[in-house]
1. Here is a check on your reading of the model: is residue 259 in a loop (DSSP other than H, G, I, E, B), modelled with pLDDT of 95 or more and closer than 30 Å to residue 148 by Cβ?
2. Give the number of residues within the range 320-342 that are touching a residue at least 40 places away in the same chain (Cβ under 8 Å), assigned to a helix (DSSP H, G or I) and surrounded by fewer than 17 Cβ atoms within 10 Å (Cβ to Cβ).
3. Among helices (runs of 4 or more DSSP H) lying entirely in the range 1-90, which contain 3 or more residues that are without any contact (Cβ under 8 Å) to a residue 40 or more places away in the chain and open to solvent by less than 50 Å² (accessible area, probe 1.4 Å)?
4. Checking residue 158 against (1) among the hydrophobic types (A, V, I, L, M, F, W, C); (2) more than 10 Å from the ligand (Cβ to nearest atom); (3) open to solvent by less than 10 Å² (accessible area, probe 1.4 Å), which test does it fail?
5. If you check residue 239 against the conditions, is it outside any strand (DSSP E or B), within 12 Å of the ligand (Cβ to nearest atom) and either in contact with a Cys (Cβ under 9 Å, 6 or more places away or on another chain) or not aromatic (Phe, Trp, Tyr) (or both)?
6. Show the residue pairs that are 6+ apart or on different chains and have beta-carbon atoms under 8 Å apart, the first residue being within the range 165-194 and part of a strand (DSSP E or B), the second being among the hydroxyl-bearing types (Ser, Thr, Tyr).
7. Within the range 217-235, restricting attention to residues that are of a type in the set (D, E, K, R) and more than 19 Å from residue 166 (Cβ to Cβ), which residue is surrounded by the most Cβ atoms within 10 Å (Cβ to Cβ)?
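The values are calculated or read from the model by the stated rules, or taken from the named source; none is laboratory data. These numbers were taken from a predicted model, which means no experiment stands behind them. Here the Cβ positions follow ideal geometry from the backbone for every residue, glycine too, while neighbour counts run over all protein chains shown. Keep in mind that these areas ignore ligands, DNA and RNA; they rest on the heavy atoms of the full protein, side chains included. Shrake-Rupley method; radii C 1.70, N 1.55, O 1.52, S 1.80 Å.
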Amino acid sequence: MLPTITWDNDRVILIDQRLLPAEEVYLECLDHIQVAEAIEQMAIRGAPAIGVAAAYGVALGVQKMEESGDWDGEFDRILTRLENTRPTARNLFWALERMKQTFDNHKHLALLQLKETMIQKAISIDKEDVDTNKKIGYWGRELIQDGQNILTHCNAGALATAGYGTALGVIRAAFEQGKKIRVFADETRPLLQGARLTCWELNKDDVPVVLITDNMAGHLMKKGQISAVITGADRIAQNGDTANKIGTYSVAVLAKEHGLPFYVAAPLNTIDFSLTDGDAIPIEERNQEEVKQLAGQCITVPDIEIHNPAFDVTPAKYITAIITEKGIAKPPFELNLASFKD
Ligand code: MRU
């Protein structure tokens, strides 16, 4: 399996996803600020992977604490720095809440023990994510039939998680069952996670994949060349409204128009049960240069006005089912997602 992120001797090592597929370079983070920068600059990305990275970031931050220091104050500063990286992925805040709980429950210990406890907690969040994705794959594979063509958007694969993937986890699990499937990967402008990352990791695993540009999906659906759509999620509201990579909403509307199932695969820690619907999901607005440039080259007039929302919200009415580690939720999502809550 791909080593998206690992803890190694008081360092966090992650594959630099900005350079893929051209170069496989591993980035070393020695403190929580370097982890926060890696998240902001998308050296690591994908909601579950961001959560795992943040957990390791907290563990790194705690390693720098000293006996005589203000532990609570330092901990708050570490948390705030990591919270202020990317606003949309629920998994980031979920992981930080878990790390805070662990810190609060163990801060009475000797500093050395507290440090080790924080490392172990981050490692367990990392391992749990892989386990969760395998369960999502197990439930979701039954929705995919032999011979189908599956469209996906962005990268919800091993790279976007601690391993195996959510949407691509379902595809992997169906493929491992021996189903002959073909994946259509949207390139996913502006940062090309589909072209660069989904194609790269499916190719490595010999899963047949065809790359298309973002504006081709409707044409292929109309021609009967797509059987189903499956994507990941960054944040899901109580009612099933789902924030995911910009462009997901258009694909979901197209799927409905063509009578195709549209599935979302996500761990339960992506669900924000505090939000009744998707209107309150914070949507990250990113740097204009991401739209202005392609592979470092300016592709437009230099002073053009640009809008660059990183995510959109797909209303629940377009979603056929949400695949979680506890099973498949169908509408009404308010009821059926709530039944999976701890
Ligand atoms: O901006 P990114 O690359 O972090 O966006 C990633 C996505 O939108 C993924 O589909 C989502 O995080 C789910 S990853 C399992």
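1. yes
2. Residues that pass the stated criteria total 2.
3. Passing ranges, in order: 71-83.
4. (2)
5. No.
6. 183/152; 183/198; 184/152; 185/152; 185/198; 186/152; 186/213
7. Per the stated criteria, the residue is 222.
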